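The values are calculated or read from the model by the stated rules, or taken from the named source; none is laboratory data. None of these values were measured; they are calculated from a predicted model. All Cβ positions, glycine included, derive from the backbone under ideal geometry; neighbour counts span all protein chains shown. Heads up: the accessible areas ignore ligands, DNA and RNA and are worked out on the full protein's heavy atoms, side chains in. Shrake-Rupley method; radii C 1.70, N 1.55, O 1.52, S 1.80 Å.
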Amino acid sequence: MFEGFAAETVDLGEASVFVRYGGEGPPLLLLHGHPRTSATWHRVAPLLVRRGFTVVCPDLRGYGRSRGPAPAADHAPHSKRAVAGDMIEVMRALGHRRFELAGHDRGVPVALRLVLDHPEAVTRVAFLDGIPLSEHLARADARFATAWWHWFFFAQPEIPERVINADPDAWYRGDARVMGQENHDEWRAATRDPDVVRAMLEDYRAGLTVDRRHEEEDRARGTRIPCPVLVLWSLRDDLEDLYGDPRAIWRDWADDVRGRGIDAGHHVAEEAPGPLSAALGDFFADLAPAR
């Protein structure tokens, strides 16, 4: 994986972030989702390097080989604001003050927080398979609760740690043939680490509390995303089934919104790297027509 890429751990004091990066050209930061690591981008990143980008793939705070502080009662150490701050510091450590940005799954609210808190740093942003956390929760009907029940299970104190760590291989399932063996092995090692499991659960606990509050405060102030937005969703996932066209939701947050569905299941970077990298490459090269 990631042939020709460098890998290092950036010490940020409160956190340490494992990051892979390679290529030349405009910097592009890719944020993974749950329960993956930066390795989920292993097929997409080289294609984007060929398109002329410097591609940066970190493990989010507490995921994979990145580490953060101990959990707190208010979940703030694992808030999207804290994780977005990590990403700003990592990019600056690599010499990038302004960059393109894409987030998938749990990387979506991190990308949203990053562009709202640090609008001067982001030139364009892509949201993959997600809408703002507050928008999910405002629409949390029985269908959502049935399909995404894990959000509320993960929010319970201590119980999910005991359940998951009792047999993480049974809880987190992945197919090495689909993921790629090295990606699968890295992901499996992470999910077997109780510290990683705890941090991933804290991500969800923060999502239902401090992160939701931050988003609602932004909406109350009328804060909007100032840069162009690309919305991509997996046609064999349930985002469109639950909400219809997700672009309509994102237009309440930004003026310039475009996008389309991609024929893939939820882990689109692993299942459809060609179409995904083409869509991202075109958008970040400012070639994608508005829809």
Checklist outcome for this item: The extension gain from Ala6 to Ala93, computed as 0.36 nm times the residue separation minus the Cα-Cα distance, is 29.9 nm
Checklist entry - Residues with amide H under 5 Å of Phe5's amide H, sequence separation 5 or more or different chain, H placed in the peptide plane at 1.01 Å from N; which? => result none
Item to check | Virtual spin-label span in nm between Arg81 and Ala140, 7 Å along Cα→Cβ | outcome: 2.0
Item to check | Directionally averaged shadow of segment 194-291, computed from the convex hull of its alpha-carbon atoms, nm² | outcome: 8.0
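Using the heavy atoms of the protein chains and a 1.4 angstrom probe, tell me the accessible area per residue for segment 67-118 in square angstrom.
Here the residues of segment 67-118 average 33 Å² of exposed surface.
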Next on the checklist: Tell me the label only: which of [x] 0.92; [y] 1.00; [z] 1.21 is Cα Rg over 2.2 N^0.38 Å as calculated from this structure?
Outcome noted: [x]
Item to check | Amide H contacts under 5 Å for Gly259, placed H, 5+ residues apart | outcome: Val231, Arg291
Item to check | Ala285 paired with Asp175, simple spin-label distance in nm, labels 7 Å along Cα-to-beta-carbon | outcome: 3.2
Checklist entry - Given a 1.4 Å probe and every protein chain left where it sits, what share in percent of the accessible area of segment 106-157 is carbon and sulfur? => result 60
Checklist outcome for this item: Rounded to the nearest 500, the 222 nm mean residue ellipticity computed for the chain from DSSP H runs (n ≥ 4, each -39500 (n - 2.57)) alone is -12000 deg cm²/dmol
Item to check | Rg and Dmax [Cα atoms of segment 1-125; Å; Rg one decimal, Dmax integer] | outcome: 13.4, 45
Checklist entry - Counting only protein heavy atoms and using a 1.4 Å probe, what share of the accessible area of segment 188-291 belongs to carbon plus sulfur, as a whole percent? => result 46
Checklist outcome for this item: Full extension between Arg221 and Arg192 adds, at 0.36 nm per residue less the Cα distance, a length in nm of 6.3 nm
Next on the checklist: Can you work out the Karplus-derived ³J(HN,Hα) for every residue in segment 107-121? Use 6.51 cos²θ - 1.76 cosθ + 1.60 with θ = phi - 60°, whole Hz, and x for glycine or proline.
Outcome noted: x, 5, x, 5, 4, 4, 4, 5, 6, 7, 7, 9, x, 5, 8
